[in-house]
Amino acid sequence: MSGPARFCDRLSGPRRIRRGATLTLVFASVLATGAATGSWSEGAEQGRKSPSPATRSVASSGEAGDTADEAADAAAEAMADGKSGKKAAEDAVSRSGDRWGSVYSPGEFQEFEQALDGAYTGVGLWARRAADGRIEVSRVQRGGPADQAGVREGDALTSIDGRRVAGLPVTEVVSLLRGDRAGTPVMLGLERGTRAWSETLRRARLSTDPVTVTRLAGGAVLIKVDAFTKGSGERVRSAVREAPAGAGILLDLRGNSGGLVSEAVTAASGLVDGGLVATYDVRGRQKALHAEQGGDTSRPVVALVDGGTMSAAELLTGALQDRGRAVVVGSKTFGKGSVQMPSRLPDGSVAELTVGHYRTPSGRAVDGQGITPDLEVDGGAEIRAETVLTGLGPPS
């Protein structure tokens with residue numbers, strides 16, 4: 001995966017029909033699986049292509065319906081003139097000022113849907129921006145094309161298909177690494193120490209295990225969640241349930257660009273005993289997300305976050321922080337807390353437009369704000385997080 005997935009966050013919820021298409025409530029994360037601007041720390045090939053960086057204000061929920069109509073009309077008119085309906089829709093969405101509004105081809109949207117099942121087309125690597133500004137490989141998926149070619153964590157990624165990647169947002173690098181079809185070639189320029197070389201890989205259809213569980217030397221359990229794809233929430237809940245008695249939990253959400261909101265709520269259900277996880281609004285109607293009862297509240301928890309922690313991962317972080325269930329350590333999260341709704345356009349492409357926003361249990365807005373850690377750490381965050389966890393006693 002070219003970076004920890006930038007999955008759009010989807011919440012099971014009300015559906016309505018627009019121009020014959022079923023609309024599903026979506027909390028879209030920024031990457032496309034990769035995240036939205038150069039401030040995003042990691043990106044993965046999984047998921048869909050991320051919206052391009054933008055500084056425009058987010059369209060109000062009242063404007064979303066008008067924008068959807070305009071995009072559909074623009075697409076229909078362009079098609080009648082023999083032009084690209086998708087391009088016309090993109091122009092309409094761009095004019096709307098919707099920061100997170102995007103238009104996807106049928107293939108791109110299908111790829112995104114499949115990513116939520118934990119599958120993607122890519123070469124099996126994650127990327128991040130290093131302290132010196134270069135793009136480097138932060139992780140390599142075992143058995144993937146990159147792994148088989150000898151690409152290793154820490155290698156610098158200098159070019160993709162001859163295009164220099166220095167200065168590009170991580171999300172754009174992710175988009176270049178990904179592909180719509182398995183078997184297509186991609187040439188990577190790489191550096192390792194004084195060695196520089198090129199490697200041509202063939203993209204493959206890969207599946208991911210977004211949750212890894214590790215027993216730390218001090219007895220705590222590290223639960224790393226790369227993305228909230230289907231089944232990941234239950235994996236987190238099971239890992240908490242199966243941890244040794246008295247063991248603390250280090251929940252690593254760094255580089256987690258989101259995913260299914262329902263999975264984030266399930267993950268929260270493993271650490272809290274019911275109660276509010278987040279509120280959200282859709283076209284002015286207020287709704288709430290609640291955890292299931294029966295979670296383990298006896299263990300100390302530290303949540304580890306960074307600038308690549310987005311959307312559903314921010315929703316979970318904010319809930320644990322607001323409810324005093326976790327100490328949050330790391331750097332400020334990305335700040336993606338808006339609700340998108342997809343609409344099928346006449347040419348089969350899909351427009352995703354902002355219709356609302358979500359808030360943490362205490363009412364804090366996430367979109368454009370992010371979550372500020374209880375303990376901000378620039379370097380050695382995991383070591384500091386382990387130290388904090390060691391010093392925490394069982395919740396009172």
In nm, the gap between the two label points placed 7 Å beyond Cα toward Cβ at residue 216 and residue 91 is 5.4
What aspartates and glutamates could a cross-link reach from residue 86, if we take a straight Cα to Cα line under 16 Å and drop same-chain neighbours fewer than 8 places away? 69, 70, 73, 77, 108, 347, 352
Expressed in angstrom and rounded, the centroid-to-centroid distance over alpha carbons for the range 85-120 and the range 305-336 is 26
Of 287/336; 230/332; 224/332, those spanning more than 23 Å from alpha-carbon to alpha-carbon: 230/332
How many nm separate the modelled label positions at residue 298 and residue 196, each set 7 Å beyond the Cα in the direction of the Cβ? 5.9
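Please get the size of the charge dipole for the range 347-387, origin at its Cα centre, with Cβ charges of +1 on Lys and Arg and -1 on Asp and Glu, quoted in debye to the nearest 20.
Working: 3 positive and 8 negative charges, 51 e Å.
Approximately 240 debye in magnitude.
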Which distance in nm do the two modelled labels at residue 132 and residue 182 give, with both placed 7 Å along the Cα-to-Cβ direction? 3.7
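Since every read-out is calculated from the coordinates, none of them should be taken as a lab result. Keep in mind the model is a prediction, meaning the values are calculated, not measured. FYI the Cβ positions are ideal-geometry reconstructions off the backbone, even for glycines, and counts take in every protein chain you see.
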